[in-house]
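Engineer: The structure is given below, and queries will be raised subsequently.
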Amino acid sequence: MQTIIGAPANGLQNYHLYGKDGKEMSIKDGGFSQVDLLQDVDAYNISRLYNLAETKLYAAFEDYYNVSKHYKRRYHIFKQQLLKEFDADSIYAVAFRFAKQEIPILSGLFGLAFGKFNEEYIEIVAHAFEDKIETQISIEEYTA
């Protein structure tokens, strides 16, 4: 599951992926690419770091990518802001709530992006998402 979340282009060619109908997918695309993950993390971070009611979007982008270069620590910031917003102690705890559909509007959006999961897969999905984010944080630390 961690491999599917934020997979690079053609990164799933050696995996057997099945659609909701139980048939193997001919196009090996998990539907949530590495680019999707980066865009979502950056959009979330920008929305949390800048008061967009008072800051022009282009100014927030300029600061995030060029001045303060927050993008170089995007996953650190993402984790910090997510835990703060949901008053949680781990990414797993937040992802579990989304996968279990406990957060009304946001869980619906999560369901559209990732699908709904049978009860037995909720923990697996939550752990996979946490593992993906923690792996990305480790990469940021290693490359800093």
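Engineer: Looking for something part of a loop (DSSP other than H, G, I, E, B), small (Gly, Ala, Ser) and modelled with pLDDT under 90 - is there at least one such residue anywhere in region 28-38?
Structural biologist: yes
Engineer: Would you say Glu120 is at pLDDT 95 or above, surrounded by fewer than 16 Cβ atoms within 10 Å (Cβ to Cβ) and part of a helix (DSSP H, G or I)?
Structural biologist: It is false that Glu120 is at pLDDT 95 or above, surrounded by fewer than 16 Cβ atoms within 10 Å (Cβ to Cβ) and part of a helix (DSSP H, G or I).
Engineer: With the condition kept exactly as written, say whether any residue in region 54-73 is part of a helix (DSSP H, G or I), modelled with pLDDT under 90 and over 25 Å from Thr135 (Cα atoms).
Structural biologist: No, the conditions are met nowhere in region 54-73.
The values are calculated or read from the model by the stated rules, or taken from the named source; none is laboratory data. As the structure is a prediction and not an experimental result, all values here were calculated from the model. All Cβ positions, glycine included, derive from the backbone under ideal geometry; neighbour counts span all protein chains shown.
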